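The values are calculated or read from the model by the stated rules, or taken from the named source; none is laboratory data. Bear in mind the structure is a predicted one, so any value in this text is a computation, not a measurement. Neighbour counts run over all protein chains shown; Cβ positions are idealised from the backbone, glycine included. To get the accessible areas, we keep the full protein, side chains included, count just its heavy atoms, and leave off ligands, DNA and RNA. Shrake-Rupley method; radii C 1.70, N 1.55, O 1.52, S 1.80 Å.
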Amino acid sequence: MESEEFAMTNQPDPREALDAIANARQAVPGEMKYPFSYDIAYGLCCGLLVAGQGMPTPWAALALVVSMVGLVGLIHWWKQKYGWWVSGYSPKRARWAAIGLVVVLIGLMGLSLWGKTAGIAWTPLATGAAGFVAAIVGGRIWMAVWKRELAETAG
């Protein structure tokens, strides 16, 4: 049963539709300037995750839980504020920035663990601080690469 109400009356020109899609893709990140406080919170979560590896057992578990809850909270906040979320590993070129950050953070975690076994009490502080900085720099690099990649694929 076909009715006039359900018939498509406004069929767009395919070229116009493609142009609209390209314009929408370019506008997704737009001039998005998210607050630096997001970077600080992300850096704190990653720094705590790194530092926790070198902490005594009860504190290490607490650091892991707090950092993971913090990261999930940041994702939730981002989705609420911007209405979307992109996994760090989805965009082809930007994924390498994410993988690079993971490699750095895992290396710092290993160093933090080594400091724990070597009895060097200040190692978690140093590796946590380095993880904090790496997360902020890595996050900003990822965003710049992703925005450039998105703009190139739209054009």
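Remarks
- Residue selected from segment 84-95 under the condition without any contact (Cβ under 8 Å) to a residue 40 or more places away in the chain and open to solvent by 70 Å² or more (accessible area, probe 1.4 Å), by the criterion farthest from Q53 (Cα to Cα): W85
- Residue-level check: of (1) modelled with pLDDT of 95 or more; (2) not polar (S, T, N, Q); (3) not in a helix (DSSP H, G or I), G88 misses just (1).
- So T153, is it surrounded by fewer than 14 Cβ atoms within 10 Å (Cβ to Cβ) and touching a helix residue (DSSP H, G or I) at 6+ places or on another chain (Cβ under 8 Å): yes
- Checked against (1) part of a helix (DSSP H, G or I); (2) within 19 Å of V103 (Cβ to Cβ), G54 meets all criteria but (1).
- Checking each residue of segment 11-18 against the condition of being assigned to a helix (DSSP H, G or I), modelled with pLDDT under 95 and more than 27 Å from T153 (Cα to Cα) gives no match.
- Reported count of residues in segment 96-139, each being under 14 Å from the mean Cα position of the chain (by Cα), of a type in the set (V, I, T) and open to solvent by 30 Å² or more (accessible area, probe 1.4 Å), is 3.
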